[in-house]
1. How much FRET efficiency would the formula 1/(1 + (r/R0)^6) give for R34 and V54, where r is the Cβ-Cβ distance and R0 is 35 Å, rounded to 0.05?
2. May I ask for the net charge around S76, where only other residues with Cβ less than 12 Å from the Cβ of S76 are counted and Lys, Arg are +1 while Asp, Glu are -1?
3. Sort the following peptides by mean Cβ neighbour count (other Cβ atoms within 10 Å, averaged over residues), highest first: 36-49, 129-142, 99-112, 57-70.
4. Using 7 Å Cα-to-Cβ label points, what is the M115/N145 separation (nm, one decimal)?
5. Report the local net charge at I120: Lys and Arg +1, Asp and Glu -1, summed over other residues whose C-beta lies under 15 Å from its C-beta.
6. Once both labels are modelled 7 Å past Cα along the beta-carbon direction, what's the Q65-S107 spacing in nm?
7. Run the simple label-point estimate for M45 and S100 please: 7 Å along Cα→C-beta, distance reported in nm.
8. In whole Hz and in residue order, list the ³J(HN,Hα) couplings for region 41-48 that follow from phi through the Karplus curve 6.51 cos²θ - 1.76 cosθ + 1.60, θ = phi - 60°; x for Gly and Pro.
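Just so it is clear, none of the values below were taken in a lab; they were calculated from the coordinates. In this text the structure is predicted, and so the values were computed from the model without any measurement. For neighbour counting, all protein chains shown are included, and Cβ atoms are generated from backbone atoms with ideal geometry for every residue, glycine included.
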Amino acid sequence: MQTGVRLPERRVVTVCKKTNGNAAINYPRVASMRGFSLLELIMVMVFVGILIAVVILKFADVTTQSNQAEIDALASALTASSAKNYSLSLSGSPDAVSVSNCTDVSSALPESESMGGNTINSLVVGTHARVSCTVTHSDAVSTANFIAVGT
């Protein structure tokens, strides 16, 4: 039965002749055998290992930058929410939240924003006072400052 795939012909060549007294012993090798040498395989493995190491380092750096960008955006939202809340309290709006501590500012965030496991340091904020507070990412490495205004 013949298929569309044709296998290469195999021819036997003599690799080495050893003499055993007067008779020569031939060690045949199939000439059509092909493959990679051990050196080539090791070189490819080393190259792939280096590529993987570079990719892992780049990924770790991107993750750190992403966490810092996330916490910076949250700090900006907290500052804006605090300023808006202060304006609401001055106008006597019932929507204003009482802010006497840095952690109270998170209550003034819009519903679309969330703390997401991030923490705010606990500092007392006096009425009409502006205090610099720190928000820390859940990774405990990335931090950012925001301004809380007491009401």
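1. Values: r = 32 Å, r/R0 = 0.90.
Step by step, r from the Cβ atoms, then E = 0.65.
2. Numbers: positive: none; negative: E70, D72, E113.
Once positives and negatives cancel, what remains is -3.
3. Numbers: 36-49: 9.9, 129-142: 15.6, 99-112: 17.1, 57-70: 12.0.
Final packing ranking: 99-112, 129-142, 57-70, 36-49.
4. Between M115 and N145, the simple spin-label model gives 2.2 nm.
5. Values: positive: none; negative: E70, D72, D104, E113.
Surrounding charge for I120 is -4.
6. In this crude spin-label approximation the distance works out to 3.9 nm.
7. Here the modelled spin labels are 6.8 nm apart.
8. 5, 5, 4, 5, 5, 5, 4, 5
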